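K.L.:
Questions regarding the structure given below will be posed in turn.
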Amino acid sequence: MNRFKVYVSDEGIAEINGDPLVPAPGQSVHEAVLDRLHQYAEESGAAVDATVGDGPGTTHFVLRVLPDGSSHVLAHETGEAPEPEPSPDVAPPPTVTASAAPATSAIATAVAHARATAATRGAAKEPVTGTDLPPAGLSEQIGRINALGIAGRLDEAFARATALRESLTGSVGAEHPHAVEARSVEAYLAYLRGDHREAVVLALAVARIRCGAGDERAASDVARAAAAWQQLDDSRTAVAHGRELLHMWGVLNRRGPLPPGHVELAEQVHRYVTALEAAYA
């Protein structure tokens, strides 16, 4: 049986066996991955397995795709980095069992689980300063929110993420790292529940803050915003937000080369925005 390694980030960047995969306009990164794996299965006439994750050290999931296009998650595998001992104050990320969910949902589930793991670990390492929410409490709340998302309870997860972001914004300010991370989780959940306009607004806010602060994660945040932007169905809104994406990419490019795959994504956005503008000229 053919076996592939798939990297999918919530920024709209994907790779299959190290080869970049850029979604077509209007196509989600999950759909692009599914289409390519389905193509491989059809060509071979047999099922293909893909180990799906968002980087080393996270939990990876084995996704099986059949020639008829059906798919399901088989199991999860431990990442390359050893699991740290869980703190008694931090809720461990939930385990996802075998599922017969649609492939795009299966891929999203795998990425969401990896994101829950990363968010829980990252929050647990944050230092306490001033009026910050204690790290254990923050990581526990993020872990619960991601657990709801993985379980498919996206509306509830989104509502909790919004409440957490509003609470943090009121206590430590909108640009505090904890508040920005909560907004990032909120944006991702909006994307998963199909509220692409809200996802774009939230993701752009995260990218704008980190870009202005010179944060090294800014390029990834801009790409994440672009992933949601690709799903917009209102042309004038797409042009306005697309121009802001291009502006931020320009700022980042002047500071240093963009990461691999991001240049191609920026060029794709530029072509689409130009085409939309020409249609209104």
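K.L.:
Above 18 Å lies some portion of the pair distances; for region 200-261, what is it as a whole percent of all C-alpha pairs?
P.N.:
Details: 515 of 1891 pairs.
Tail of P(r) above 18 Å: 27 percent of Cα pairs.
K.L.:
In whole Hz and in residue order, list the ³J(HN,Hα) couplings for region 170-187 that follow from phi through the Karplus curve 6.51 cos²θ - 1.76 cosθ + 1.60, θ = phi - 60°; x for Gly and Pro.
P.N.:
x, 8, 10, x, 5, 9, 5, x, 5, 5, 5, 5, 4, 5, 5, 4, 4, 5
K.L.:
With a 1.4 Å probe and all protein chains kept in place, how do I16, I209 rank by accessible area, largest first?
P.N.:
On the way: I16 10, I209 35 Å².
From most exposed to least exposed: I209, I16.
K.L.:
Continuing with this model, one more query. Hey, with R₀ at 45 Å, roughly what FRET efficiency would E175 and K5 work out to, going by the Cβ-Cβ distance, to 0.05? If you can, show how the numbers build up before the last one.
P.N.:
Values: r = 37 Å, r/R0 = 0.81.
Using R0 = 45 Å, I get an efficiency of 0.75.
K.L.:
Can you compute the modelled spin-label distance between N253 and V22, with each label point 7 Å from Cα toward Cβ, in nm?
P.N.:
Here the answer is 1.1 nm between the modelled labels.
K.L.:
Given 0.36 nm per residue, what is the gain on full extension from T274 to R197 after removing their alpha carbon distance, in nm?
P.N.:
On the way: separation 77, 0.36 × 77 = 27.72 nm, distance 2.01 nm.
Difference between extended and current length: 25.7 nm.
K.L.:
How big is the gap, in Å, between the Cα center of region 218-242 and the Cα center of region 138-167?
P.N.:
23
K.L.:
Then there is this: Taking every pair of distinct Cα atoms and averaging 1/r, then inverting, what Kirkwood hydrodynamic radius in Å comes out for region 165-281?
P.N.:
Working: mean 1/r = 0.0691 Å⁻¹.
Taking the inverse mean of 1/r over all distinct Cα pairs, region 165-281 comes out at 14.5 Å.
K.L.:
Could you order peptides 222-230, 261-269, 28-36 by the average number of other Cβ atoms within 10 Å of their residues, highest first?
P.N.:
Numbers: 222-230: 26.9, 261-269: 18.1, 28-36: 21.0.
Sorting 222-230, 261-269, 28-36 by mean packing, highest first, produces 222-230, 28-36, 261-269.
K.L.:
Considering only protein heavy atoms and a 1.4 Å probe, what is the carbon-and-sulfur percentage of the accessible area of region 195-243? Working shown, then result.
P.N.:
Numbers: 850 of 1930 Å².
Summing carbon and sulfur atoms, their accessible area is 44 percent of the total for region 195-243.
K.L.:
Under 14 Å from the Cβ of D233, count the other residues' Cβ atoms, weight Lys and Arg +1, Asp and Glu -1, and hand me the total.
P.N.:
Values: positive: R197, R236; negative: D195, E198, D234.
Taking every other residue near D233 into account, the sum is -1.
The values are calculated or read from the model by the stated rules, or taken from the named source; none is laboratory data. All values derive from a computational prediction rather than experimental measurement. A quick note on method: Cβ atoms are made from the backbone with ideal geometry, for glycine too, and the neighbour counts reach across all protein chains shown. These accessible areas exclude ligands, DNA and RNA; they are computed on the full protein's heavy atoms, side chains included. Shrake-Rupley method; radii C 1.70, N 1.55, O 1.52, S 1.80 Å.
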